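A short worksheet on the structure shown next.
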Amino acid sequence: MHKMVEATAPGKVILFGEHAVVYGRPAIAAPVTRLRASAVIESSGDADVLLIAPDLGVRGRLSEAEPGDPLAATLHLSQSRLAIPKLGGFSLTVTSDIPIAGGLGSGAAISVAVIRAFLAYYDLAATTGRDQISALAYEVERLHHGTPSGIDNTVVAYEQMVYFKRQEPLDRIEVFSPPRPLRLAVGDTGLRSATRDVVGDVRSQWLGDRTRFEQIFDACGQIAEAGRGAIAAGDLAAVGRLMNENHEWLVEMTVSNPRLDQLVEAARRAGALGAKLSGAGRGGNMIALIEAETQATVTEALLAAGAVRVWVSDVG
Ligand code: PMV
């Protein structure tokens, strides 16, 4: 019988606490629902699985995939964790509007979309919770990123604003919402950076001066705690101020760069309530907290300061 299923997953921004979250400090992330990854699984007469992902330059058979191929890894992990006896007889097509390596969670979104499509194809969607989907996506992230905190797969799988703290035996995951959605301008530097490398570099610096880096991470954790309170109270001025402070600590960690700093500055000068880089840094995207009245001026200022693209998105 012919069968075709589609599933999607959103991109994300980190509002507070990137990098420090890897070291057990709390962080806050929100889904960007208008940027999405999509996975389609369609039955075929072929005994193998055909993998098609034009954005990743992938078109080939699962049996011939390179070791470490992210789509193959996601399928194999899903198969093993869900006890599916044999993979074959379908094609998997992945597309995404989320820029790759841009700090918007494209990897986690693709993993979650593929896992959701896989569950739908095997009629397991109704019996699999978002915590299980997130846990599977985390295993995939671990293959690619070394020491991911788990925040990306969590916010993408839960698709809600989330307070996240990495801890044993279970991460602390609390979904919450602002009284009104936050409006963000997301500015793309056009520069790409590999999360794994930036996270690895922060780790080397931490190993070189643990006292200083623990203090920086503590400060980011306190900002995330205060940020959660300010978001829940609808205190936009405080949210913006805390974003600015968080950016300064990310500069201290050396994960910002001149392009990100320029965009952050331009957004603030144009009337944003606050601005910071979002995600791993050294490229990728920055976010600015705006309101309806400042949307046009901040968007124009970001483009004039060199942003290659600006998205406006309501989060929460
Ligand atoms: O992959 P990105 O750029 O969305 O960043 C992930 C956030 C980090 O805190 C830098 C890493 C992590 O695993 O939490």
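Any read-out appearing in this document is the output of simple, stated calculations on the displayed coordinates, not a laboratory observation. From a predicted model like this one, the values you see are computed outputs, not experimental measurements. Cβ atoms come from the backbone with ideal geometry, glycine included; neighbour counts cover every protein chain shown.
Quotient of the Cα radius of gyration of segment 1-43 and 2.2 N^0.38 Å, N being its number of residues: 1.76. Identify which of A47, A27, A72 has the largest mean-square fluctuation in a Gaussian network model of the chain, with springs joining Cα atoms closer than 10 Å. Of the options given, A47 has the highest mean-square fluctuation.
In order along segment 103-120, phi translates into HN-Hα couplings of x, 10, x, 4, x, 5, 5, 5, 4, 5, 4, 5, 4, 5, 5, 4, 4, 5 Hz, rounded to whole numbers, per the Karplus curve 6.51 cos²θ - 1.76 cosθ + 1.60 with θ = phi - 60° and x for Gly and Pro.
Within straight-line reach of K276, meaning a Cα separation under 28 Å, sit the following lysines at least 8 residues removed in sequence or on another chain: K12, K165. The phi-based Karplus calculation (6.51 cos²θ - 1.76 cosθ + 1.60; θ = phi - 60°) puts the 3J(HN,Hα) values of segment 46-59 at 8, 6, 8, 10, 9, 9, 10, 9, x, 5, 9, x, 10, 7 Hz, whole numbers, x for Gly and Pro.
Semi-axis lengths, largest first, of the ellipsoid equivalent to segment 242-316 are 19, 13, 11 Å, with √(5λ) applied to each eigenvalue of the Cα gyration tensor. GNM on the chain, alpha-carbon springs under 10 angstrom: the most fluctuating residue among P54, P31, P169 is P169. Gap in Å between the Cα centre of segment 1-46 and the Cα centre of segment 222-262? Centre-to-centre (Cα) distance: 24 Å. Its residue count N fixes a reference of 2.2 N^0.38 Å for segment 46-162, and the Cα radius of gyration divided by that reference is 1.01. Report, in degrees rounded to the nearest 10, the 0 to 90 angle that the Cα long axis of helix 210-233 makes with the longest principal axis of the chain. The two axes meet at around 90 degrees.
Pull out a ≥ b ≥ c, the square roots of the eigenvalues of the alpha-carbon gyration tensor of segment 114-242, then state rounded if a/c is under 1.5, prolate if not and a/b is larger than b/c, and oblate in the remaining case. In terms of gyration-tensor shape, oblate. Taken along its principal axes, the alpha carbon cloud of segment 182-315 reaches lengths of 45, 34, 22 Å, longest axis first.
Counting every C-alpha pair in segment 175-228, the share spaced more than 18 angstrom apart comes to 61%.
Couplings for segment 68-82, taken from phi via the Karplus curve 6.51 cos²θ - 1.76 cosθ + 1.60 with θ = phi - 60°, read x, 4, x, 5, 4, 4, 5, 5, 5, 5, 4, 4, 5, 5, 9 Hz in order; Gly and Pro are left as x. Shape call for segment 111-184 from the C-alpha gyration tensor, a ≥ b ≥ c root eigenvalues: rounded (a/c under 1.5), prolate (a/b greater than b/c) or oblate? Oblate shape, in that a/c is at least 1.5 and b/c is the bigger or equal ratio.
For q = 0.16 Å⁻¹, what log10 I(q)/I(0) does the chain give under the Debye formula with an equal point scatterer on each alpha carbon and no solvent? With one equal scatterer per Cα and no solvent, log10 I(q)/I(0) is -1.26. Charge tally for R61 (other residues, Cβ to Cβ under 12 Å; Lys, Arg +1; Asp, Glu -1): -4. Residues considered: P26, P148, P85. Largest GNM mean-square fluctuation over the chain, using C-alpha springs under 10 Å, is found at P85.
Note on segment 92-153: semi-axes of the ellipsoid equivalent to its C-alpha gyration tensor, largest first and rounded to whole Å, are 20, 15, 9.
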